[in-house]
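Visitor: Take this structure, written in structure tokens, and hold onto it; I'll ask about it next.
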Amino acid sequence: MDRLIGSYEGQKKGPLVLVLGAVHGNEPAGVEAFQGVLDMLEKEHLHHPDFIFSGKILGFIGNIAAFQQNKRFIRQDLNRMFNYDWVEQVIAQSPSNFEDEDYELVALLQAIQQEIVAYQPHELIILDLHTTSADGGIFSIPLESDPESIRMATALHAPVVMGLLAGLDHTFMHYANHSNSVFRATNRAVHTVAFEAGQHNDPLSVNRCVSAIISLLRAVGCMMEKDVSNQHDEILRKYAKDLPKLTYITHVQHIAEGERFKMRPGYINFKFIYKGEYLADNEKGPILAPSDGHILMPLYQTQGVDGFFIVNTQPN
């Protein structure tokens, strides 16, 4: 299976937009959505002969082995491996020493770097597409230190969750924004945003990923507002209309190694919970909500290191 899903290059020079799908292998919506967007771009000139695309867009599968097995990961969560020092150690090793996600990590970075070298963009835009094991609302995750990342997240017409990167360790977004990552060069701006499109197996999660890609392309100047149907904006707005527009992470329920965590049924993204509410169990007994707030990403799968998050409309 090719890691590169496909690409589309416009008539004018512009940003290089990288779209990642299946960094977690059991989240296929981003891969399918990117294939759909490529088909739309290829046919757009049939509807709008004056269609002009500025820049280039590429789609990559993050974890091919896990994607083929419909598993979050094989040995180690790829989206928790992008510690800069660890990446440097893995890259320096002989491939004969690689295990599962080591190979995926190096191959993904090399594939992206190859495309960057070939196109030589002044601006690199990264959209990391994900889904969740729970049903419920969509949301976007910006890099809080980057105003452009926040602007892009807002342009996806989904609730913006602040502080989530601080509650996670060594994600792809962390690495991409490191000053010494292979993506950066002296005169190159790098802007990243992640988008959570809904439940893993919900067919509409694919539609929402498509809409997020289209909205991002417009936001960064690759396409005009009139190009490609504006129904995509409405899909996202409609799904997010009853959700809080801006929230802040106030609690992360990490799962310790060997912990037998089990979420109680019935929780969905952005459901309001109350302090002391019985949310989950482990070998020590019930796990109660430490505060009021909206629950986010309650874990309903066997793989994962975060049991749930709590967000509020005001920071702690």
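The values are calculated or read from the model by the stated rules, or taken from the named source; none is laboratory data. These figures come from a predicted structure and were not determined experimentally. Please note: Cβ atoms are built from the backbone with ideal geometry, for glycine as well, and neighbour counts cover all protein chains shown.
Visitor: Can you tell me which residue is surrounded by the fewest Cβ atoms within 10 Å (Cβ to Cβ) among those in region 203-214 that are of a type outside the set (A, V, I, L, M, F, W, C) and in contact with a helix residue (DSSP H, G or I) (Cβ under 8 Å, 6 or more places away or on another chain)?
Guide: 207
Visitor: Condition first: in a loop (DSSP other than H, G, I, E, B) and touching a strand residue (DSSP E or B) at 6+ places or on another chain (Cβ under 6 Å). Now tell me which residues in region 62-76 satisfy that.
Guide: Scanning region 62-76 gives a single hit, 62.
Visitor: Could I ask something else about it? Under 8 Å by Cβ, and 6 or more places apart or on different chains, what pairs join a residue from region 152-169 that is outside the structural domain of residue 127 (by TED's automatic domain parsing) with one that is surrounded by 19 or more Cβ atoms within 10 Å (Cβ to Cβ)?
Guide: Close Cβ pairs (under 8 Å, with a partner that is surrounded by 19 or more Cβ atoms within 10 Å (Cβ to Cβ)) do not exist here.
Visitor: Taking the condition of being of a type in the set (Ser, Thr, Tyr) and within 26 Å of the chain's Cα centre (by Cα), how many residues in region 251-300 meet it? Give the derivation first.
Guide: Residues of region 251-300 that are of a type in the set (Ser, Thr, Tyr), as a first pass: 267, 274, 278, 291, 300.
After this cut, where a residue has to be within 26 Å of the chain's Cα centre (by Cα) as well, the list is 267, 300.
Count: 2.
Visitor: In this structure, does residue 56 turn out to be loosely packed, with under 15 Cβ neighbours inside 10 Å, among the charged types (D, E, K, R) and modelled with pLDDT of 95 or more?
Guide: Considered against the rule, which asks whether it is loosely packed, with under 15 Cβ neighbours inside 10 Å, among the charged types (D, E, K, R) and modelled with pLDDT of 95 or more, residue 56 comes out as no.
Visitor: Name the pairs: first residue in region 101-123 and among the hydroxyl-bearing types (Ser, Thr, Tyr), second residue surrounded by 17 or more Cβ atoms within 10 Å (Cβ to Cβ), Cβ to Cβ under 6 Å, at least 6 apart or on different chains?
Guide: Correct list of pairs: 119/16; 119/56.
Visitor: Having 3 or more residues that are surrounded by 20 or more Cβ atoms within 10 Å (Cβ to Cβ) and touching a residue at least 12 places away in the same chain (Cβ under 8 Å) is the bar; report the strands (runs of 3 or more DSSP E) wholly within region 225-310 that clear it. Lay out the reasoning, then the answer.
Guide: Working: elements: 246-254, 278-282, 285-288, 293-296.
Filter on region 225-310 gives 246-254, 293-296.
Visitor: Filter region 119-135 down to residues that are within 13 Å of residue 15 (Cα to Cα) and of a type outside the set (Phe, Trp, Tyr) and give me whichever is surrounded by the fewest Cβ atoms within 10 Å (Cβ to Cβ).
Guide: Applying the filter and picking the extreme gives 120.
Visitor: Kindly indicate whether any position in region 63-83 is more than 24 Å from residue 200 (Cβ to Cβ) and surrounded by fewer than 23 Cβ atoms within 10 Å (Cβ to Cβ).
Guide: yes
Visitor: Now for a separate question. Kindly evaluate residue 39 against the criterion of being among the acidic types (Asp, Glu) and closer than 25 Å to residue 198 by Cα.
Guide: Yes, satisfied.
Visitor: Restricting the first residue to region 28-48 and requiring it to be assigned by TED's automatic domain parsing to the domain that holds residue 232, which pairs with a second residue that is of a type in the set (Asp, Glu) and surrounded by 15 or more Cβ atoms within 10 Å (Cβ to Cβ) meet a Cβ separation below 7 Å and a spacing of at least six or different chains?
Guide: 44/227; 48/227
Visitor: Within region 175-191, track down each residue that is buried (at least 20 other Cβ atoms within 10 Å of the Cβ) and farther than 15 Å from residue 125 by Cβ.
Guide: 175
Visitor: Look at region 39-61 and say how many of its residues are in contact with a Phe, Trp or Tyr (Cβ under 6 Å, 6 or more places away or on another chain) and assigned to a helix (DSSP H, G or I).
Guide: Number satisfying all stated conditions: 3.
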